[in-house]
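A quick write-up on the structure given underneath.
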Amino acid sequence: MTYAEFSLIRFGTGLSPRHAGVGDADLLMQGLREDAMVARYPALSTPEASRLAYDFAMAGRAAQQKGDDSPEYIRTKAALDAGAEAAVRARLARALDDETGFADRLALFWASHFTTRADSANLRVLQAAFHEDVLRAHQRGRFSELLRAATLHPAMLLYLDQSSSVGPRSPMAINQRKKRRLGLNENHARELLELHSMGVGADYSQTDVRQLARLMTGLSVNEKREFVFELRRVEPGAETVLGTRYGGGRPAKLSEIEEFLNDLAVRPDTASFICTKLARHFCADDPPAGLVADMQARFQQTDGDLMAVYDVLVRHPEARDSFGQKVRQPQDLVVAGLRALGVDGAQVMGWTTPQLHQHYVQPMKRMGQNINGASQPEGWPEPAAAWLSPQLLAARIYWAMVQPKKLMTRLPDPRSFAATALGPEMAPEVATLVARAESQADGVGLVLASPQFNRR
């Protein structure tokens, strides 16, 4: 198997009759640096998302007072839904049209690492902007930049209830009305340490969590769904987190929190946690120790330069030795299936809303992955067992056998499709099954349902 074929399956969004891939790791990294698909398929920015969310909230408030859905409420709701849907389309189109899809795979990894759940229309547009302005924009820089951007974004602040956190001795708490309970919320501080940086079981205590929660007071979201640093919420005085004093300025400054985030991003525990997660996601549920060690060393040598870390990943012999061990998560699987069938971004942009759901959103959901994000802050599970229960496996088989017929009026020849989708090292049992298929639809479905296609 050539490096082009290997990298498309292992690091990219799958083999395709439309894409030959790239011949070496240098070209793979060059494509990631350029990330040309962002310009071709733009998506919501944070200011745009905040405006849509605010307009809808104001229209909803007015409609509630009047007791009916006004034309303005209907208009702003439609604009909100259209913005969120356009972002989903753009991300799918990028994954189909990019030569390798490495940038898209990384964005999905970071979306799980920095999980934000979008259960409301307001949050869906903010989450879309989070994907664009945080994950896609910063996944090629230093981890400190990505961590800061994720921590301070309205989507994350709302998801982890940071905007409800008030310092016990802050002006807001002191001046609160008697019946209004205001207090410290530790959710964001805990997830920042446990899930976004150092990892569960790292060298921090509950005292560190509480001190960090005090330090982070002031981070909030205003009525216009914009990030603000609100002095009246800030707990006065310095806080000691992980053995270092932060804050205490008069007045308090956002830069004091950013100083902590910069330090947190380059701690050895953070390097270990991030590199292990990357190796686990791209290579194996039990990631190769040598690969993790080399990635961690590069992380620490470069102060968390993510491009340098990825460079180790895509060149490492252990990344190739573990090929075929990872189960494709539902979103990976559906995108890889669409690529193998030759679907392109222009087709996706032309789909109706029901078609987008039929061909993309609903199959993922049946297989256990919601387009709006994981239901828990830990993100999507990595172990194969989480995705291969009898019910979820049945959903994969149903998608493979039924979806291509719904998507295409003329299906490809099963033998040529198998070579396209699986590459030159097709498992003999797959070749036998495809040759014996009773119809084109059955043959194509057997390829997509095969264990080989479901792994990378």
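Throughout, read-outs are computed from the coordinates displayed, never taken from laboratory work. Note that this is a predicted model, so its numbers are computed, not measured. Glycine gets a Cβ as well: all are built from the backbone with ideal geometry, and neighbour counts include every protein chain shown.
A few remarks follow.
- Helix 289-301 axis, angle to the chain major axis (alpha carbon atoms, nearest 10°): 40 degrees
- Between region 349-395 and region 134-211, the Cα center-to-center distance that results, in Å: 28 Å
- Close amide H partners of LEU219, meaning residues 5 or more places away or on another chain with modelled amide H under 5 Å apart, are GLU230.
- Alpha-carbon centroids, region 76-115 and region 427-456: separation in whole Å: 29 Å
- Working note: Karplus 6.51/-1.76/1.60 with θ = phi - 60° gives region 265-271 the couplings 5, 10, 5, x, 4, 5, 4 Hz, where Gly and Pro are set to x.
- The calculated 222 nm mean residue ellipticity attributable to helices in the chain amounts to -16500 deg cm²/dmol, summing -39500 (n - 2.57) over DSSP H runs of n ≥ 4 and dividing by all residues.
- Members of LYS326/LYS365; LYS365/LYS406; LYS77/LYS406 lying beyond 23 Å, as alpha-carbon distances in this model show: LYS77/LYS406
- Cβ-based charge dipole, region 92-164, positive-most Cα from ALA111, ALA128, LEU92: ALA111
- Across q = 0.12, 0.15 Å⁻¹, region 330-449 modelled as identical point scatterers on its alpha-carbon atoms has Debye log10 I(q)/I(0) values of -0.47, -0.72, in the order of the q list.
- For region 90-198, the direction-averaged projected area of the alpha-carbon convex hull comes to 8.5 nm².
- Among the GluC sites (Glu not before Pro) found in region 171-251, those both in a DSSP coil and sparsely packed, with 12 or fewer other Cβ atoms within 10 Å of their Cβ, are GLU223.
- Fewest-first sequence of ILE397, ILE371 by Cβ atoms within 10 Å of each Cβ: ILE397, ILE371
- Residue-wise HN-Hα couplings along region 341-351, as the Karplus relation 6.51 cos²θ - 1.76 cosθ + 1.60 with θ = phi - 60° gives them from phi, are 7, x, 5, 10, x, 4, 5, 4, 5, x, 5 Hz; Gly and Pro carry x.
- For region 188-199, the Karplus equation 6.51 cos²θ - 1.76 cosθ + 1.60, evaluated at θ = phi - 60°, returns couplings of 5, 4, 5, 5, 4, 7, 6, 10, 9, 9, 7, x Hz by residue, with Gly and Pro reported as x.
- DSSP beta bridges in the chain [antiparallel fraction, %, rounded to 5]: 90 percent
- Distant-in-sequence amide contacts of VAL241, defined by a placed amide H-H separation under 5 Å and a gap of 5 or more residues or a different chain, comprise TYR246.
- Rounded tilt (10° steps) of 71-97 against the dominant C-alpha axis of the chain: 50 degrees
- Counted by neighbouring Cβ atoms within 10 Å, the residues ARG33, ARG267, ARG410, ARG105 run from fewest to most as ARG410, ARG33, ARG267, ARG105.
- If only the Cβ of Lys and Arg carry +1 and only the Cβ of Asp and Glu carry -1, the dipole of the chain around its Cα centre is close to 1400 debye.
- Between 0 and 90°, nearest 10: helix 390-407 axis offset from the chain longest Cα axis: 70 degrees
- Dimensions (Å) - the chain, Cα atoms, principal axes, largest first: 77, 59, 39
- Global size of region 158-265 as Cα Rg and Dmax, reported in angstrom: 13.5, 40
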